[in-house]
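Asker: Submitted below is the structure of interest, expressed as structure tokens.
The values are calculated or read from the model by the stated rules, or taken from the named source; none is laboratory data. Since the structure is predicted, the reported quantities are computational estimates derived from the model, not experimental observations. So basically every Cβ, Gly included, is an ideal-geometry build from the backbone, and we count neighbours across all protein chains shown.
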Amino acid sequence: MATLALTFAASPAFADTTNVNPPGSNDFSCKPSALHPQPVILVPGTYESMAKNWAVMSPILKKAGYCVFSLDYGAEDGVPASGPIADSAAQLGSFVNAVLGATGARQVDLVGHSQGGMMPRYYIKFLGGTKTVHSLVGIAPSNHGTTLTPNPLSYVPGVSTGGDGVPSTAPIPGGPTTTEMSGSVALGDFNAAASDQSAGSAFLSNLNAGGDIQGDVFYTTIATTHDEVVTPYTSEGLAGPADQVTNVVIQNFCALDPIEHDQTPNDPVVQQLVLAALSNATGPLSPSFSPNCL
């Protein structure tokens, strides 16, 4: 399996997008306005580069008047966001400091997908983020892990391997069968991010011990009933008072919305929810907000 894990170093599935800025992001000369005083940092999910995960959301937020930033993190053996999540959270912390230093802002808003919606909670809880984070919006976040077996996060979309460990185009027998997961390679025990996101892992037990939220940070979670990666989808929500936490499910607004885990950041309904959450300076997403179903 060690040889298998090393086969990704030059994989074109990741090499073409790693460290490429999403449209409208990472202008370190941007100064936040009085209307939008917090810069927004977009945090990609497991195996996702910022360029792939935020190609649609980033320009929407930029057009709305936000200073938008994003980062790649947690790369191991050429695979983005696959390393130990505690280490990735430290990388996020360094990036937050760089954004605050460049913009002069006091705090940031974080918008994350999947691992990227959960990982910042480690930064907030253990690495000083209660002072630097104003709000966290998690899109299909793995807040309490996935109960699926085999863990779908142990498979890298777009790459597969034959029995000799050489990448091929065939899906792994017994692996995930959905469109998003077909043609994938198992990283197994070498994939720390997947292990950390299994329900009941030591990482998640430590993260969630004593309560889901910290400090005065505002939390919004956005889930889909069609989530085939983080299960059950209800585990994505966070426990906390209504003035600090809002948990929503897309299909409670738009029953026919078919969006699944991977594409949630590209869903117009999700984009409306994110914009509404970010626009509330004194709380999470307002429970009274209702998006248009497109």
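Asker: Among the residues of segment 215-231, are any crowded, with 21+ Cβ neighbours inside 10 Å and aromatic (Phe, Trp, Tyr)?
Answerer: Looking for residues that are crowded, with 21+ Cβ neighbours inside 10 Å and aromatic (Phe, Trp, Tyr), one finds at least one in segment 215-231, hence yes.
Asker: Continuing with the same structure: Among the residues of segment 253-264, are any under 22 Å from residue 151 (Cβ atoms) and in contact with a helix residue (DSSP H, G or I) (Cβ under 6 Å, 6 or more places away or on another chain)?
Answerer: Checked segment 253-264: at least one residue is under 22 Å from residue 151 (Cβ atoms) and in contact with a helix residue (DSSP H, G or I) (Cβ under 6 Å, 6 or more places away or on another chain).
Asker: Given the options 75, 102, 81, 55, name the one that is touching a helix residue (DSSP H, G or I) at 6+ places or on another chain (Cβ under 7 Å) and among the hydrophobic types (A, V, I, L, M, F, W, C).
Answerer: 81
Asker: Of the residues that make up segment 78-93, is at least one touching a residue at least 40 places away in the same chain (Cβ under 8 Å), under 16 Å from residue 278 (Cβ atoms) and out of contact with any Gly (no Cβ under 7 Å at 6 or more places or on another chain)?
Answerer: For segment 78-93, residues touching a residue at least 40 places away in the same chain (Cβ under 8 Å), under 16 Å from residue 278 (Cβ atoms) and out of contact with any Gly (no Cβ under 7 Å at 6 or more places or on another chain): absent.
Asker: Name the residue that is nearest to the chain's Cα centre (by Cα), counting only residues in segment 251-294 that are under 19 Å from residue 241 (Cα atoms) and hydroxyl-bearing (Ser, Thr, Tyr).
Answerer: 286
Asker: Please verify whether residue 136 is within 17 Å of residue 220 (Cα to Cα) and either in a helix (DSSP H, G or I) or in contact with a helix residue (DSSP H, G or I) (Cβ under 7 Å, 6 or more places away or on another chain) (or both), treating the condition exactly as stated.
Answerer: So residue 136 fits the description; yes.
Asker: Okay, next question. Filter segment 126-148 down to the residues that are surrounded by 24 or more Cβ atoms within 10 Å (Cβ to Cβ) and of a type in the set (A, V, I, L, M) and list them by number.
Answerer: The answer is 133, 136, 137, 139, 140.
Asker: Now a separate question. Can you name the number of the only condition in (1) out of contact with any Ser or Thr (no Cβ under 7 Å at 6 or more places or on another chain); (2) in contact (Cβ under 8 Å) with a residue 40 or more places away in the chain; (3) loosely packed, with under 15 Cβ neighbours inside 10 Å that residue 255 fails?
Answerer: Tallying (1) out of contact with any Ser or Thr (no Cβ under 7 Å at 6 or more places or on another chain); (2) in contact (Cβ under 8 Å) with a residue 40 or more places away in the chain; (3) loosely packed, with under 15 Cβ neighbours inside 10 Å, residue 255 fails exactly one: (2).
Asker: Let me ask something else about it. For segment 227-240, does any single residue satisfy the condition of being more than 16 Å from the chain's Cα centre (by Cα) and either at pLDDT below 95 or under 25 Å from residue 22 (Cβ atoms) (or both)?
Answerer: Checked segment 227-240: no residue is more than 16 Å from the chain's Cα centre (by Cα) and either at pLDDT below 95 or under 25 Å from residue 22 (Cβ atoms) (or both).
Asker: What's the number of the only condition in (1) buried (at least 16 other Cβ atoms within 10 Å of the Cβ); (2) under 28 Å from residue 66 (Cβ atoms) that residue 242 fails to meet?
Answerer: The single condition residue 242 does not satisfy is (1).
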